[in-house]
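K.L.:
I have a structure here, written as structure tokens, and I will follow up with some questions on it.
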Amino acid sequence: MKESRAPGIVQPGGWLVGVTMPARPVSTWGMAWRLTARWSATLVMSAFLGAAIWSVAATPSPQRWLVLLAVVGSWLYSVLMTIVLTAVLVRAPRAPRRG
């Protein structure tokens, strides 16, 4: 008898692959919500970056510079993921429409 296991137990983080790199072909709806979520995350990270820059400019201190570096790194990662996911989804073949 075949033993069934949860995907997270077999491959930790494996469920995340389905979100970041969707199976092909991607439906128009699936592409739209993934791009909307990714671009929204980038906008939120941009707001955090703006707040961190304002905080460091208002009262500079060594600790705030470290926070600013962390936020800049997170923002760059968010932008990179947005660009990669947008390119993957835009170039992916569309799923046939169900009539």
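The values are calculated or read from the model by the stated rules, or taken from the named source; none is laboratory data. If you're wondering where the values come from, they're calculated on a predicted model, not measured in any experiment. Note: areas computed on protein heavy atoms with side chains; ligands, DNA, RNA excluded. Shrake-Rupley method; radii C 1.70, N 1.55, O 1.52, S 1.80 Å.
K.L.:
Per residue, how much accessible area does segment 28-91 show when a 1.4 Å probe rolls over the protein heavy atoms, in square angstrom?
P.N.:
Details: 4330 Å² over 64 residues.
Value for segment 28-91: 68 Å² per residue.
K.L.:
On to the next question. Under the Kirkwood approximation applied to all pairs of distinct alpha-carbon atoms, what is the hydrodynamic radius of segment 28-91 in Å? Intermediate results must be reported in sequence, preceding the final value.
P.N.:
Numbers: mean 1/r = 0.0782 Å⁻¹.
That comes to 12.8 Å for segment 28-91.
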